[in-house]
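See below for the structure under consideration.
The values are calculated or read from the model by the stated rules, or taken from the named source; none is laboratory data. Predicted, not measured: the structure shown is a model, and the values here were computed from it. For neighbour counting, all protein chains shown are included, and Cβ atoms are generated from backbone atoms with ideal geometry for every residue, glycine included.
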Amino acid sequence: MALVLRGTVVTFDGEHRILDPGAVYVGDDGRLGAVLPAGQAAPAGFGAAPVVDLLGTGALVLPGLVDLHSHLQYNTLPLWEAVGVPYLHHDRWVDETRAPDYSTSVTWPAKVLGTAAPTALLAYAPVRFSLPTTRAALALVRADPALRRWTDSIHDAVETGEPYSQAFPLTDPEAVTAGLPHYTGPKVLIVDALTYSAADVFAAGFADNGADSGAADGGADGEADGRPGPVLGTAASTGAGGANVWTYELLGVWLPELLPALPRGAGFRIALRRATRAGASIGVPLEDFGVAAGRLHRPTRRDVLGHNEDLLAAAAALLRRDS
């Protein structure tokens, strides 16, 4: 399906032009057809192509750019903000001493996740996602190549009355973890009631493949066997927000006849694909239920007024037990 992206376009051509506004034309085969100023006539074959208008959103369109430097584990960390240090340009980050809390807040947690999580989490049973079995969902998966694997399941379910399709993982665990290091030492995952979205999915995979997976959602201990360990929580469960969210505008790209642009630039988001658990909790929805903590630690005065000293001590005790 051809597509037009309209907005501030960074061209990366020899003149380093920035087209504001510009238009990027993507063909049916997923390849770039043209990059032009927005007022210029569209190339042949794009007259009826749907337009995604990014003007005024602050977003940049970077045609042809492939980001080969990415830290996936950072998606599970809270947003870090440097207090009193305005990093206005990346050269300042390289040349100056970094804020003292960056290592403890970002570098060290990211290294732990990058070493322990990939194979220990994804290489076993990943969280899977299913779609509602409506005729609109069937039209969507037929239109979007990235959703094609759900087509047969939704088609059958429309006839049988099943409310949700067969569930599939978003990525191939073997492909994601190939060649990555595998940390086999003891592990513990700390969660709270604000563990949400991608972190909720991470917690589900950790619990469903770990020492607490012997009983549904964190009951009696199982054998760790080099897999993830217990889930230690400061609340009874995580935030329960593990669905795959899409915007109305994105859905309209694939279903333009069914979902026309809303008046006055209005929009909203919906939970399109629901996440379901694995292991002893196989098939249990993550949305609205979350992940129960196998070990509960009620925050103490020292935790709240200090730096979670008692919480970390409880986590260290679990690590020592499993070492």
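Structure data summary
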read-out: Condition check for V291: under 28 Å from A204 (Cβ atoms), surrounded by 12 or more Cβ atoms within 10 Å (Cβ to Cβ) and among the hydrophobic types (A, V, I, L, M, F, W, C); value: yes
read-out: Residue within region 294-305 that is aliphatic (A, V, I, L, M), surrounded by fewer than 16 Cβ atoms within 10 Å (Cβ to Cβ), touching a residue at least 12 places away in the same chain (Cβ under 8 Å) and over 29 Å from S153 (Cβ atoms) present; value: yes
read-out: Filtered residue count, region 208-258, keeping only those that are farther than 30 Å from D322 by Cα, modelled with pLDDT of 85 or more and of a type in the set (G, A, S); value: 1
read-out: Residues that are closer than 11 Å to V4 by Cβ, hydrophobic (A, V, I, L, M, F, W, C) and modelled with pLDDT under 90, drawn from region 27-53; value: A38, A42, F46, A48, A49, V51, V52
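Every residue, every condition in (1) closer than 24 Å to D208 by Cβ; (2) out of contact with any helix residue (DSSP H, G or I) (no Cβ under 7 Å at 6 or more places or on another chain); (3) surrounded by 12 or more Cβ atoms within 10 Å (Cβ to Cβ), yes or no:
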residue: P132; (1), (2), (3): yes, yes, yes
residue: D144; (1), (2), (3): no, no, yes
residue: S153; (1), (2), (3): yes, yes, yes
residue: P163; (1), (2), (3): yes, yes, no
residue: P169; (1), (2), (3): yes, yes, yes
residue: P181; (1), (2), (3): yes, no, no
